Amino acid sequence: MKNLIIAFTLLVSFLGFSQTGKIYPKNKKINRGEINTYIYEPPAGLEIPENALALGQSDSFNLVSSPLIKNNNQYEFLMKFSVTDDLFLVKIINGKGHHIDYDNNNGYLIKLNPKLSKEHTILKEAPIWLFTNHLSKEVRFQKQIDMYEQAFNANPNLKKKYAYSDYLNLRFELKPEETKSDIIKHIEYLKKNTSDEGNLYYLSAFYSALGMHDDGEKTKEILLKKFPKGNHAKNNFFEKYYSESNKTESFILNKENEYFSIFGNDSKEESFQLDLLSLFLKQKEIEKMNSVEQRINNKISVAHQFNDYAWQLADENITSSGTDLDFAESLSKKSLEIVRYKIENPDYSSYSIGLNRNYNMFADTYALIMYKQKRYQEAFDYQHPIVEQDELDTGGKERYAAYAEKAKGLEFTKNYIEKELDRGTNSKLLTEQLERIYQELNLPKETLEAKKQQLKKLVTENAKKEVLKLYGDVKAPDFELENLEGKKVKLSDYKGKMVVLDFWATWCGPCRSSFPNMQKLVNEYKAYNVEFFFIDTREGNQHEKTKNKVTEFIKEHQYTFNVLYDFDSEIAKKYIVRGIPAKIVIDKEGNIISVDSSEENIKALIEENK
């Protein structure tokens, strides 16, 4: 009887926390294309932190976030989407972007267009349901397939729309043999309806999926001839553009003129101007740089360019002196000003949590420059708020400790490092700094040795806990990917070796910044039983364009990396990569022993396990 009462109590408790919340517009009428107020009623028993946000994604994949403002037992938030958006899904997240409430993985659906039919609503909701990106590929794809089938059953005519091609593509990913016959039938339909660019594109994709590569290539040629100003033609143009490794000012300008003459001047394409900005930054042509900056509307992209180059000039570490620090300071200041303005002047149509992260990343750069200019208090003041938000990786903590020692003294820094070691932060630099501080303060060595032993034990325990919490198992998920040379690489073939996975992208500044040290590790452990795989991810789904960009980047910097292409970011999702760079270490038994490792930590792990 006692067990029955306990079970009933647990069930009631569970049901209390699993009740769904509600999100709905404050006013009955939603004004499309304008700022609207929405109400959020959390599920009973769910605690909402102070820094919580509502994050919405529309059917045109616009991503918008807004802080939650408490009003009695409910919350309000503001959002603005495009006038052409028909619906959006909402989830509640904390300040670091982690899920708090996603309505039991269904997402809170808000319809902006009241005239949208039930089946059309499902078709538009299904692709953005991928917003639930922490579930496995199989679960996500099956959920979408079920949604599509529900819409097709309600209205069979929808099978003539693009959504049916997407549906077959999803089914083929999960059950290729069962789906082949339906794809072959659909190919016959597409062949009869080639006056539509989208149908031709899907036709070429299905040919390739079935291994009919010659037919696929012929279809692409037809696609270019029939739609010389279409999306495929644009992608083809940029593939050729990015294959050029030495882009001069005249080359970029000529290509920009050629692009607009073909595709029209109403395009908002700014890639050429951003490439000019990058070129003028490296050449330090200030007037040209300022002129280009004024012409670019995407100011956040400008801020990233400024920050990336400032970080390079600062030499990306605390040990070297850096070059042209005055120029680096001016660029870093500009990047901070751009993001600060965006944060202080929200239009409720952007992803503000991304802005906050950008600001912290740019402040980290500025602090490093201040440190190298011997402006230690300023360096500390810019880095300290990031510490309070717990937003620093191991490298950032190492830099903060260096600033703290100069600005706050030995005792303050000792306490900070010991606190980090007690949390399980595994850093050779922090440990060495603490050893030196103990010597200078004439503190007992025995105390330090005990802390080091405790750290070693804690690091091992925490790493295992983190892996189990993230994956539910320590076994590294297997994968097979194409590498830079076009060869297939399968992870399970490397059992018996330590493996380091480095998830990165060409656009990722911190990824690029870590590469010189990663190259040193690759060189140092070349003769050992260690493999490094640099998994390029989140570049978009234009495979040839990605290959050209990556090849150009690796060649330009003369890296000897074994680069693997995660074209559709499926392996990043499998490894639950939330942000890049993400470095994951796998032992000889195929078990994950560390996630989000720094270069120093990777070296220590290799030494312990090689």
Taking Leu253 as the residue in question, decide whether it is open to solvent by less than 30 Å² (accessible area, probe 1.4 Å) and either modelled with pLDDT of 90 or more or under 30 Å from Thr365 (Cα atoms) (or both). no
What number goes with the only condition from (1) surrounded by 20 or more Cβ atoms within 10 Å (Cβ to Cβ); (2) assigned to a helix (DSSP H, G or I); (3) out of contact with any Phe, Trp or Tyr (no Cβ under 7 Å at 6 or more places or on another chain) that Val292 does not pass? (3)
If Asn246 passes every condition in (1) under 26 Å from the mean Cα position of the chain (by Cα); (2) not in a helix (DSSP H, G or I) but one, which one does it miss? (1)
Members of the stretch 514-535 found to be farther than 23 Å from Gly396 by Cα, among the charged types (D, E, K, R) and surrounded by fewer than 17 Cβ atoms within 10 Å (Cβ to Cβ), listed by number: Glu524, Lys526
Number of the condition not met by Glu531 [criteria: (1) touching a residue at least 12 places away in the same chain (Cβ under 8 Å); (2) of a type outside the set (Ser, Thr, Tyr); (3) out of contact with any helix residue (DSSP H, G or I) (no Cβ under 6 Å at 6 or more places or on another chain); (4) not in a helix (DSSP H, G or I)]: (3)
Return the residues of the stretch 552-578 that are surrounded by fewer than 18 Cβ atoms within 10 Å (Cβ to Cβ), in a loop (DSSP other than H, G, I, E, B) and touching a residue at least 60 places away in the same chain (Cβ under 8 Å); say none if nothing qualifies. Asn562, Ile576, Arg578
Considering only the stretch 397-408, state which residues are open to solvent by less than 20 Å² (accessible area, probe 1.4 Å) and farther than 23 Å from Ile602 by Cβ. Tyr403, Ala404
Residue list for the stretch 420-438, restricted to those being surrounded by 17 or more Cβ atoms within 10 Å (Cβ to Cβ) and part of a helix (DSSP H, G or I): Glu420, Leu421, Leu429, Leu430, Thr431, Gln433, Leu434, Ile437, Tyr438
Failed condition for Asn591, given (1) surrounded by 15 or more Cβ atoms within 10 Å (Cβ to Cβ); (2) touching a Lys or Arg at 6+ places or on another chain (Cβ under 8 Å); (3) closer than 22 Å to Val474 by Cβ: (1)
Out of curiosity, is Ser66 over 14 Å from Asp86 (Cα atoms) and of a type in the set (Ser, Thr, Tyr)? yes
Does Ser181 fit the bill of being part of a helix (DSSP H, G or I), crowded, with 20+ Cβ neighbours inside 10 Å and without any contact (Cβ under 8 Å) to a residue 60 or more places away in the chain? no
Within the stretch 415-439, the residues that are touching a residue at least 24 places away in the same chain (Cβ under 8 Å) and under 15 Å from Ala450 (Cβ atoms) are Glu418, Leu421, Asp422, Thr431, Tyr438
Mind telling me which of the residues Ile318, Ile300, Ile338 ends up being assigned to a loop (DSSP other than H, G, I, E, B) and under 23 Å from Gln389 (Cα atoms)? Ile318
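Taking the criterion of being of a type in the set (Asp, Glu) and open to solvent by 40 Å² or more (accessible area, probe 1.4 Å), would at least one residue in the stretch 536-551 satisfy it?
Checked the stretch 536-551: at least one residue is of a type in the set (Asp, Glu) and open to solvent by 40 Å² or more (accessible area, probe 1.4 Å).
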Would it be correct to say that Ile586 is of a type in the set (Val, Ile, Thr), modelled with pLDDT of 85 or more and over 21 Å from the mean Cα position of the chain (by Cα)? yes
I'd like to know if the stretch 296-304 contains one or more residues that are in contact (Cβ under 8 Å) with a residue 40 or more places away in the chain, within 24 Å of Lys555 (Cα to Cα) and open to solvent by less than 60 Å² (accessible area, probe 1.4 Å). yes
Qualifying position, being under 24 Å from the mean Cα position of the chain (by Cα), over 18 Å from Lys96 (Cβ atoms) and not charged (D, E, K, R), among Pro346, Pro385: Pro346
Go through (1) in a helix (DSSP H, G or I); (2) open to solvent by 80 Å² or more (accessible area, probe 1.4 Å) and name the single condition Ile417 misses. (2)
For the stretch 305-328 the number of residues that are surrounded by 12 or more Cβ atoms within 10 Å (Cβ to Cβ) and either more than 26 Å from Asn517 (Cβ to Cβ) or of a type in the set (Gly, Ala, Ser) (or both) is 4
Mind listing whichever residues of the stretch 594-610 are among the hydrophobic types (A, V, I, L, M, F, W, C) and closer than 13 Å to Ala476 by Cα? Val595
Determine whether the stretch 499-513 contains at least one residue that is open to solvent by 40 Å² or more (accessible area, probe 1.4 Å), in contact with a strand residue (DSSP E or B) (Cβ under 8 Å, 6 or more places away or on another chain) and farther than 30 Å from Ala314 by Cβ. no
Count of residues meeting criterion [under 29 Å from His543 (Cβ atoms) and either in contact with a Ser or Thr (Cβ under 9 Å, 6 or more places away or on another chain) or free of Cβ contacts under 8 Å to residues at least 24 places away in the same chain (or both)] in the stretch 587-596: 2
When residues of the stretch 379-396 are limited to those that are open to solvent by 20 Å² or more (accessible area, probe 1.4 Å) and touching a helix residue (DSSP H, G or I) at 6+ places or on another chain (Cβ under 6 Å), the one modelled with the lowest pLDDT: Glu391
Among the residues of the stretch 271-284, is any open to solvent by 70 Å² or more (accessible area, probe 1.4 Å), under 22 Å from Asn199 (Cβ atoms) and not in a loop (DSSP other than H, G, I, E, B)? no
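Within the stretch 258-270, can you find the residues that are part of a helix (DSSP H, G or I) and either touching a Lys or Arg at 6+ places or on another chain (Cβ under 7 Å) or open to solvent by 30 Å² or more (accessible area, probe 1.4 Å) (or both)?
Those that are part of a helix (DSSP H, G or I) and either touching a Lys or Arg at 6+ places or on another chain (Cβ under 7 Å) or open to solvent by 30 Å² or more (accessible area, probe 1.4 Å) (or both): Glu258, Phe260, Ser261, Ile262, Phe263.
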Any chance the stretch 449-464 includes a residue that's out of contact with any strand residue (DSSP E or B) (no Cβ under 6 Å at 6 or more places or on another chain), polar (S, T, N, Q), under 23 Å from Arg423 (Cα atoms) and surrounded by 15 or more Cβ atoms within 10 Å (Cβ to Cβ)? yes
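The values are calculated or read from the model by the stated rules, or taken from the named source; none is laboratory data. None of these values were measured; they are calculated from a predicted model. FYI the Cβ positions are ideal-geometry reconstructions off the backbone, even for glycines, and counts take in every protein chain you see. What goes into the accessible areas is simple: the full protein's heavy atoms, side chains included, and nothing from ligands, DNA or RNA. Shrake-Rupley method; radii C 1.70, N 1.55, O 1.52, S 1.80 Å.
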